[in-house]
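*Asks:* Submitted below is the structure of interest, expressed as structure tokens.
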Amino acid sequence: MSVVEADGLTKAFAGQQHPAVAGVDLRLERGRVLALLGSNGSGKTTLIKMLTTLTRASSGEARVCGFDVATKGASVRAHIGLVGQYAAVDEVLSARANLSMFARLHGLSKHAAHRRGQELIERFELGEAGDRAVATYSGGMRRRVDLAVALITEPQVLFVDEPTTGLDPLARSALWEQLRALVVSGHSVVLTTQYLEEADALADDVVILRRGEVVASGTAAELKALAGEPRMIMCEPTLEEVYRRLHADHDQTEAGR
């Protein structure tokens, strides 16, 4: 069953010669991850904004969880979560206070909001820092709070816009694991990214955008097949692989003491 569908979705801005998004078709099935892959200016964020009802399409149609984004916006928003490129939480408040506040804004009672906040703090392993101001958090921890806030209502579809930009390799890997866990628990995910390795690690389906147009789409395996037969290449480990290995070895040493 498709939880996200778009047919000919287009967004043109006044004064621009070329549409920001030009006739995009896409499908996302339940329990899968769809990656929108492209460089800056390719239309990824604009496409997300149309699918999440933040901006109206110039033409075309889109449905999320069976609801038309143009005519049933409230129903769409009731079934989705959105994590933008930048943190949307209050940095003066703690993670616990942020979660309670957003839960109350979603209509939960004070008791239910507190309970839900505690569940998400445990789920995202924020317990030790849960009562500290978000301003004291690392970039990776802030991103985890963003994800937790987006999941207060247990949305069917989660939209994540460039989730790991600016994060170090360990924080990026941790966030990937959180997104994988969400899919296992029944969520569907649409994510935008500029990083090929991120799409390779997370995506079941990929749509590659260039200047607002789809230049290729399909499963990750189908797109890889375009490069020809699999081949073995001997290469040195990357610095990122070395970095992760050194931290893993250090953690094992500390655990053994």
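*Asks:* Considering every residue within region 45-68, establish whether at least one is surrounded by fewer than 22 Cβ atoms within 10 Å (Cβ to Cβ), among the aromatic types (Phe, Trp, Tyr) and modelled with pLDDT of 95 or more.
*Replies:* The answer is yes, given that some residue of region 45-68 is surrounded by fewer than 22 Cβ atoms within 10 Å (Cβ to Cβ), among the aromatic types (Phe, Trp, Tyr) and modelled with pLDDT of 95 or more.
*Asks:* Please list, ordered by residue number, the strands (runs of 3 or more DSSP E) wholly in region 11-94 having 3 or more residues that are of a type in the set (Val, Ile, Thr) and under 30 Å from residue 134 (Cβ atoms).
*Replies:* none
*Asks:* Something else about it: Cβ-Cβ distance below 7 Å, separation of 6 or more or different chains: which pairs start in region 1-17 with a residue that is under 19 Å from residue 205 (Cβ atoms) and end on one that is at pLDDT 90 or above and in a loop (DSSP other than H, G, I, E, B)?
*Replies:* From region 1-17, the pairs are 1/30; 3/30; 3/65; 3/156; 9/57.
*Asks:* State the number of residues belonging to region 184-195 that are under 27 Å from residue 241 (Cβ atoms) and surrounded by 17 or more Cβ atoms within 10 Å (Cβ to Cβ).
*Replies:* Adding up the residues that qualify gives 4.
*Asks:* Look through region 109-151, keep the residues that are hydroxyl-bearing (Ser, Thr, Tyr) and touching a residue at least 12 places away in the same chain (Cβ under 8 Å), and return whichever of them is surrounded by the most Cβ atoms within 10 Å (Cβ to Cβ).
*Replies:* Once the filter is applied, the top-ranked residue is 137.
*Asks:* For region 119-211, which helices (runs of 4 or more DSSP H) that fit wholly inside it have 2 or more residues that are at pLDDT 90 or above and small (Gly, Ala, Ser)?
*Replies:* Hits in region 119-211: 139-150.
*Asks:* Shifting gears a bit: Looking at the structure I just gave you, is residue 46 without any contact (Cβ under 8 Å) to a residue 60 or more places away in the chain, out of contact with any Leu (no Cβ under 8 Å at 6 or more places or on another chain), of a type in the set (Ser, Thr, Tyr) and more than 19 Å from residue 198 (Cα to Cα)?
*Replies:* For residue 46, the condition - without any contact (Cβ under 8 Å) to a residue 60 or more places away in the chain, out of contact with any Leu (no Cβ under 8 Å at 6 or more places or on another chain), of a type in the set (Ser, Thr, Tyr) and more than 19 Å from residue 198 (Cα to Cα) - is not met.
The values are calculated or read from the model by the stated rules, or taken from the named source; none is laboratory data. Computed from a predicted structure; not experimentally measured. When we count neighbours, we look across all protein chains shown, and the Cβ atoms used for this are built from the backbone with ideal geometry, even at glycine.
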